[in-house]
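Written out below as structure tokens is the structure these notes cover.
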Amino acid sequence: MTGDLVMQFLAQGVQMFMVLLIAPLAVGVVRRVKARLMRRQGAPLLQGYRDLAKLLRKESVIAENASWLFRSAPSLIFALTWVAAALVPSFASGLMFNWAADVVALVALLGAARALLALAGMDVGTSFGGIGSSREMMIATLAEPAMMLIVLTLAIAAGTTRLAGVADFFIAEPLAVRVSLALSLVALIIVALAENARIPVDNPVTHLELTMVHEAMILEYSGRHLALIEAASYLKLVLYLSLLICLFAPFGMAPASAGVGGWAIGLLAWTAKLLGGAALLGVWEVSIAKMRVFRLPDFLGIAFVFGFLAILLAFLARGALE
Amino acid sequence: MNQAYEISHLLAGVMLVTSFALLYQQRVAAVLNTFAAQSITLALAVAWAAWSQDRPDLFITALIALTLKGIVIPVALHRTVARLGIHREVEKVVGVGVALMVGLALTGLAQALLFKVTHGTASHAREELALALAIILMGFLMMIVRRNAVTQIVGFMSMENGLILAATGARGMPLVVEVSVAFSVLIALFVFAVFVFRIRERFDTIDIEALDRMRGDRR
Amino acid sequence: MIHAYQIVVAAPYIAALVLLAIPGYRLGAIANVAASALTFGAGLWLVVSERSVGDYAIVDEFNIVFIGINTLVGFTTALFSASYIGHEIETGRLTPTLLRFYHAMFQAMMGSMNLALVANNIGLMWVGLELATLITVVMVGLYRTPQAIEAAWKYFILASVGISLAFFGTILIYLAGQPVLGEGVPAMTWSLLQAAASRMDPAILDLAFIFLLIGYGTKVGLAPLHAWLPDAHAEGPTPISAVLSGLLLNVALYALLRFKMVIAGQPAALDPGPVMIAMGLVSLIFAAFMLYQRRDIKRLFAYSSIEHMGLMVFAFGMGGPLANFAGLLHMAMHSLTKSGIFFAVGHISQAKGSQRIADIKGLSVTHPRLAVAFALAVLAISGLPPFGVFTSEFLILTTTFAREPWLALLPAFGLLIGFGALLMRLQDTIFGEPVGPAHRVDASSVPMVLHLLLVLIAGLYLPPALIGWFRRAAELLG
């Protein structure tokens, strides 16, 4: 019994730390693919780790009028994002804390992190921070309802809001080609792009402040604070990729009762899918141009419309079966 | 058997998505391309129905939809837009957001309506019919909220797409489907070509507002 | 064995192809008349031959009269057009090439209307109506002036929406008939649908009828779906206005009534009566008021058409043998009278060179015979005895009064208002000082006089055969 409990604990711990470990690698893959496609050499794949290490060593310079919020926000944001990322089933469903991995809870955790970041951006009183925060909140106003609709559609399909339950449902069903799921997929991809500040919503490598959304909020941060925030953004990317994989491509995931062998396979599959997704993101970013800010509501509106349509059609399918 | 219905619903769902995409576009060229995509999806859906319902005559309908509405008409309209110097931007009566919201409402309405009414019919026919009605209503919406004459034509033709989808969904509707499809496409094309040319001869734009100045009812 | 109905449908289409090839417009006009005469002959033959019900075509008491009237008015309109069109070429409004298309399209339109009338397959009926409508759309824009194009565009948009909704209604009817009659052609055959109506799902029938009412109702010109009608009548060539008012509106109403017969067979379905009564009354009263402000003579009579179609829909909404009979009679009478009026209007516009009422004064001085004919025609359409229109209007009002006395006040009110407006205009045009030019009228008066005579005769004496047909059709209408 105790051995079993220890194994469970170990597995959950592995998931927690795997997410953290692989995050900089995923971002490295994205950057590398982008660079190669643009016929540049690109930074080495492990550059993300080196960046974090460098930032942790450096001194953190803080403005004089910064409040306690400014100082504490990075750690809080990192903690919230890490918990959320750790909860998404990656290589096995049915891990120890999977009862807590509720899609609604996930949305709440991410929403809290975003609120803290926006507040921190406004804290020091610079104008660029203000721009970033207001744009971020505008995007959130549109993306969050879409996200809720998406998770509701999936919950309706699977009959539960537990992520692990949804994953199990999709593993069990043969590849059901359902319109509402396809629509949810597209909507979730759009929301993921928006939340991770990727093209076409925001350019993560821009240095022009007026075009920034996410970067503008963290302009004032340096040193270990910046390291925490950067790590949080890497984790967020992994979270969304992992969410997409878990919901829409869960093959290879070990079921609740599998042993170490199953977990190993699951881990391998998950890593492969994650890095594959990161590569795809790199290709996508190179192919599309960034949208003008006033068109963002339209773009995110698409996600909302698709989410709504997905629910309507889910009810359609439900109603037809009665 | 279930698989067949799933795929036909997927295709119908993609058509519905293209209807929304039609409302979203800002440029006339993009509208025409989206319409071509919708027609091609329609052709696929009809071809799938032909195969799964074992009705080879529907293949002809699919072919007509593909060639005429997927290729010939969009290309012809592209050329017309270029040659006549029609406004490249779509003049809107209401914004994109409002149009999309109304589209959502119409989709819900179509579903609610059809589901209340058709208790006796097979569930798969009902789903397809609900989607088709939604596409029809959205084509109608597009005709109302977009002021450019070319986009009004596209709105009407997307309505026709929805109708053909509905006719395919109603199982066993006989050869008349093909006859009506062919007729409506051919004659519609003839009329459109004649019209767009004549309109251009008289006005500098194909903005319906400009046409409205000629309203005879005030005489 | 060639049946009469096949000729009635096929001959115009073949003629259309032939007419495309004929270069000179005079020869084309003569060929047009000849083709229409042939079709009329086939129509007469159809009237006297036996009833038949087939997979795709039906000839029964309901459509027999309308086929007869259709082919007759087609013939007389072709006659009128032949003499009228020469003038249009002289004034430069039309070119000989356009005239070739005009004649071909005229025949194609007649063929399509006949197809719709004869069809037993609801899909074919829809095809016929759609074809006819689309052809008239092109014809309305024939003069290529900005106003003509605007009118044709408006007509096109509204007609297309109507067609699409009507098609969806057709699909729904098929859906309702399919479980009862099986897949394929039987579930689209009107006669089978009507017989099996009591076994069909009432909810689907309700929804289908709503779509059909809106769809075909747009073609009938019911308010508020009438917006295309006045412009289309005013801007198209006069023969087309005659055909639109006299025939196409009727055929659309005929299609609507066929479906009403199906609904009537299912007692559990929604009673379409109240909706039809409401829409009919709105059209009637709205159009009656609109008659006052019109300054274009064709627009004036276009609104008169809306008024009369409203009255017909009201009558069919009331239902019951007498009201249905009256409605059918009114359809026939209105068809003849209104096309006769448009013939007269054609003459007038040629005589005065203008369609504006302000330019048309003192006809009794400049063109006495035309003035008399016109006056009689307007009196006929206003519903004065001894013309046939009076008979039908009187019947409608009395049967409504017998059943719902208060309700009868509304159509009576509308008719009176319309009457007043028409009389006012008549007085303006006939009497008073002549204004403007007074050209000689080239067009033949035979069609106009013929129509008036027919309406007059029908007002005095209805042949028993006709009464029998209408009665049987009224029974089916429920």
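Only the coordinates and a few stated rules stand behind these numbers; no lab work does. Not measured: the values here are computed from a predicted model. Note that each Cβ is placed from the backbone with ideal geometry, even for glycine, and that neighbours are counted across all protein chains shown.
Observations
- Along segment A:39-54 the Karplus relation, 6.51 cos²θ - 1.76 cosθ + 1.60 evaluated at θ = phi - 60°, assigns HN-Hα couplings of 6, 10, 5, x, 5, x, 4, 8, 4, x, 5, 5, 4, 4, 4, 4 Hz to successive residues, with x for each Gly and Pro.
- Taking a straight Cα-Cα cut-off under 26 Å and skipping sequence neighbours fewer than 8 places away in the same chain, the lysines within cross-link reach of residue C:361 are C:298, C:338, C:352.
- Ignoring lysines fewer than eight residues from residue A:34 along the same chain, the ones with Cα atoms less than 30 angstrom from its Cα are A:54, A:58, A:236, A:273, A:290.
- Part-to-part distance (alpha-carbon centres) for segment A:43-87 and segment C:221-269, which is given in Å: 74
- Applied to segment A:238-249, the Karplus parametrisation 6.51 cos²θ - 1.76 cosθ + 1.60 on θ = phi - 60° returns per-residue 3J(HN,Hα) values of 4, 4, 5, 4, 5, 4, 4, 5, 4, 7, 10, 9 Hz, with x for Gly and Pro.
- The distance separating the Cα centre of segment C:291-364 from that of segment C:76-137 comes to 20 Å.
- Taking other Cβ atoms within 10 Å as a rough exposure proxy, A:51, B:54, C:201 sort from fewest to most as B:54, A:51, C:201.
- Long-range amide H partners of residue C:57 with built H, under 5 Å: C:120
- Whichever aspartates and glutamates have a C-alpha closer than 20 Å to that of residue C:154, once near sequence neighbours (fewer than 8 apart) are set aside: B:91, B:160, B:201, B:204, B:207, B:209, B:212, B:217, C:130, C:231, C:235, C:296
- Largest GNM mean-square fluctuation across A:139, A:131, A:62, computed for chain A with C-alpha springs under 10 Å, falls on A:62.
- Karplus-derived 3J(HN,Hα) values for segment A:202-214, using 6.51 cos²θ - 1.76 cosθ + 1.60 with θ = phi - 60°, are 7, 9, x, 10, 6, 10, 8, 4, 6, 9, 7, 10, 6 Hz; glycine and proline are entered as x.
- Neighbouring Cβ atoms from other chains, within 10 Å of the Cβ of residues in C:452-460, number 0 on average.
- Of the peptides A:100-113, C:28-41, C:83-96, the order by per-residue mean of other Cβ atoms within 10 Å, starting with the highest, comes out as C:28-41, A:100-113, C:83-96.
- Fluctuation leader among A:271, A:161, A:141 - chain A, Gaussian network, Cα springs under 10 angstrom: A:141
- A protection proxy built from the mean count of other Cβ atoms within 10 Å ranks the segments B:156-166, B:64-74, most packed first, as B:156-166, B:64-74.
- Distance from segment C:1-28 to segment B:1-67 (C-alpha centre basis), Å: 38
- Anisotropy class of segment A:45-154 from Cα gyration tensor, a/c 1.5 cut: oblate
- Inter-chain shielding of C:159-169 (mean C-beta neighbours from other protein chains, 10 Å cut-off): 5
- Three-way shape call for the protein assembly as shown based on the alpha-carbon gyration tensor, with the a/c threshold at 1.5: prolate
- Inter-chain shielding of C:132-145 (mean C-beta neighbours from other protein chains, 10 Å cut-off): 2
- For residue A:254, the residues whose modelled amide H falls within less than 5 Å of its own, excluding neighbours fewer than 5 places apart on the same chain, are A:92, A:93, A:266.
- Listed peptides C:264-277, C:369-382 appear in the order C:369-382, C:264-277 once ranked by packing, highest mean of other Cβ atoms within 10 Å at the front.
- Rounded to the nearest 20, the Cβ-based charge dipole of chain A about its Cα centre (Lys and Arg +1, Asp and Glu -1) stands at 940 debye.
- Residue-averaged 222 nm ellipticity for chain A, from DSSP H runs of 4+ at -39500 (n - 2.57), nearest 500: -25000 deg cm²/dmol
- Amide H contacts of residue C:296 (H built 1.01 Å from N, in plane; Pro and chain starts excluded): C:357 sit under 5 Å, all sequence-distant by 5 or more or on other chains.
- Approximating the spin labels as points 7 Å out from Cα along Cα→Cβ, the residue A:295-to-residue B:54 distance works out to 5.0 nm.
- Which of A:68, C:126 has the fewest Cβ neighbours within 10 Å, and the rest in rising order: A:68, C:126
- Between A:280, A:12, A:216, the Cα set farthest toward the positive side of the dipole of chain A (charges on each charged residue's Cβ, about the Cα centre) is that of A:280.
- Its Cα centre serving as origin, segment C:74-195 has a Cβ charge dipole (Lys and Arg +1, Asp and Glu -1) of approximately 160 debye.
- Cα gyration tensor shape for segment B:1-135, rounded if a/c is under 1.5, else prolate or oblate: oblate
- Over the residues of chain C, the helix contribution to mean residue ellipticity at 222 nm works out to -26000 deg cm²/dmol, using -39500 (n - 2.57) for each DSSP H run of at least 4.
- Ranking of A:180, C:81 by neighbouring Cβ atoms within 10 Å, starting from the fewest: A:180, C:81.
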